[in-house]
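Some notes on the structure that comes next.
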Amino acid sequence: MKLIPIDFTHPLVADSKLNALFRFVKWQLKSRALNRDFIHEWIEGSKFFVRNGETGLTQNIYVGLHEFSEMSFLLHFLRKDDVFLDVGANSGSYSILAGTVSGAKVLAFEPIPSTYSRLVANLDLNGLFPKCVTRNIGLGSSESILYMTENLDTMNQVTLEHEHSKSIPIQINTLDNESRDIEPSLVKIDVEGWETEVLRGSCELLNKSYLASLIVELNESGIRYGFKDSGIIELLGNCGFKPFAYDPIDRKLTRLEYKNSASGNTIFIREKALNGVEGRLRATRKLKVFNTWL
């Protein structure tokens, strides 16, 4: 584990490493001394509850946008009338940005009860109900019960049969069942290796023309379940989606032959929607994060 968990090559801190280090030290001293929840003022009036040890949220304190390219893509792409599906929402970073900064409607899924409570609290803090809807369930290829860890922060995952003694039962539904009455334009899926199963339960949705893009975690974590990232790329390719990387500074998409090796996530865009997506990205107003305009 890194002594200082900051990526100093991150585009928002590369030219201001001392400021990032100051934010880290300040947060560590404050959060450890008082050991309670704080409200962090984020981007354009958005905010979130956070306490020491919540790694997914604290990275946003240090570097502004934890997952820089993907979060920026969401902010540049989404519009007020859009619907965003957040699968594996955790404490709500993406949902907060979508609902507060972009003004989109949000349907967020988080299966772990304690994390779900944090998600709800953060969305409520931003005044996002009833525009946002939350579901305390997991998603997969069929309706079932699965077992998941509950004390691993952003790394909670579906457990294998021999690991059930260290996990809790979770109700599972399919994304197709959950999304039949809405028309999402963007879906984010981050479920610690279970992405293949979620996508297998999303075949109807993936073939709907209104779904223009997905952000999918691809870091080979599915291997523990027998899944490969290449299978996800093939599945999405068969539904008309191609992998891209996004440069938020230049507002430029780059077509990839495989996945985004520079990130744990890959952006997929429906080929027939590419021109429209690029037009949206170019037309969005600029947003300021720290001292950088995106």
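Read-outs throughout are calculated quantities, based only on the coordinates presented, and are distinct from any laboratory measurement. Predicted model only: the values in this text are computed from it and were never measured. Glycine also receives a Cβ, built like all others from the backbone with ideal geometry; neighbour counts cover every protein chain displayed.
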Worksheet item: If you go through segment 108-140 one residue at a time, how many are more than 15 Å from the chain's Cα centre (by Cα) and of a type in the set (Ser, Thr, Tyr)?
Response: 2
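Looking at Ala33, Ala121, Ala20, Ala108, which is the one that is of a type in the set (Gly, Ala, Ser), free of Cβ contacts under 8 Å to residues at least 24 places away in the same chain and more than 21 Å from Asp247 (Cα to Cα)? Steps first, answer last, please.
Values: Ala121 fails: free of Cβ contacts under 8 Å to residues at least 24 places away in the same chain; Ala20 fails: free of Cβ contacts under 8 Å to residues at least 24 places away in the same chain; Ala108 fails: free of Cβ contacts under 8 Å to residues at least 24 places away in the same chain.
The unique qualifying residue is Ala33.
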Worksheet item: Out of all the residues in segment 121-166, which are closer than 27 Å to Gln59 by Cβ, part of a loop (DSSP other than H, G, I, E, B) and touching an Asp or Glu at 6+ places or on another chain (Cβ under 7 Å)?
Response: Asn136, Asn156, Gln157
Worksheet, complete the sentence: Turns out the strands (runs of 3 or more DSSP E) fully within segment 195-294 with at least 3 residues that are over 20 Å from Asp86 (Cβ atoms) are 241-247, 252-255
Response to the item:
Of the residues in segment 223-252 that are buried (at least 17 other Cβ atoms within 10 Å of the Cβ) and in contact (Cβ under 8 Å) with a residue 60 or more places away in the chain, the one that is farthest from the chain's Cα centre (by Cα) is Arg251
Worksheet item: Can you tell me which residues in segment 20-47 are more than 25 Å from Leu125 (Cβ to Cβ) and either hydroxyl-bearing (Ser, Thr, Tyr) or surrounded by 14 or more Cβ atoms within 10 Å (Cβ to Cβ) (or both)?
Response: Leu21
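Scan Glu178, Glu161 and give me the residue that is touching a residue at least 60 places away in the same chain (Cβ under 8 Å), at negative phi and acidic (Asp, Glu).
Glu178
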Discussion item. So, in segment 82-105, exactly how many residues are β-branched (Val, Ile, Thr) and closer than 25 Å to Leu146 by Cα?
Written reply: 1
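Residues of segment 215-227 being within 21 Å of Glu70 (Cβ to Cβ) and out of contact with any Ser or Thr (no Cβ under 7 Å at 6 or more places or on another chain), which ones? Quick ask: steps written out before the conclusion?
If we filter segment 215-227 for residues that are within 21 Å of Glu70 (Cβ to Cβ), which is where we start, we get 215-222, 227.
Across segment 215-227, the qualifying residues are Ile215, Glu217, Asn219, Glu220, Ser221.
Hey, could you check segment 48-107 for residues that are assigned to a strand (DSSP E or B) and more than 10 Å from the chain's Cα centre (by Cα) and say which is surrounded by the most Cβ atoms within 10 Å (Cβ to Cβ)? It would help to see each step written out before you state the result.
So in segment 48-107, the residues assigned to a strand (DSSP E or B) come out as 48-50, 83-87, 105-107.
Then drop every residue that is not more than 10 Å from the chain's Cα centre (by Cα), which leaves 48-50, 83-84, 105-107.
Values: Phe48: 26, Phe49: 17, Val50: 22, Val83: 20, Phe84: 24, Lys105: 21, Val106: 28, Leu107: 21.
This residue is Val106.
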Item to complete: Check segment 281-293 and report whether any residue there is of a type in the set (D, E, K, R) and surrounded by 13 or more Cβ atoms within 10 Å (Cβ to Cβ).
Response: no
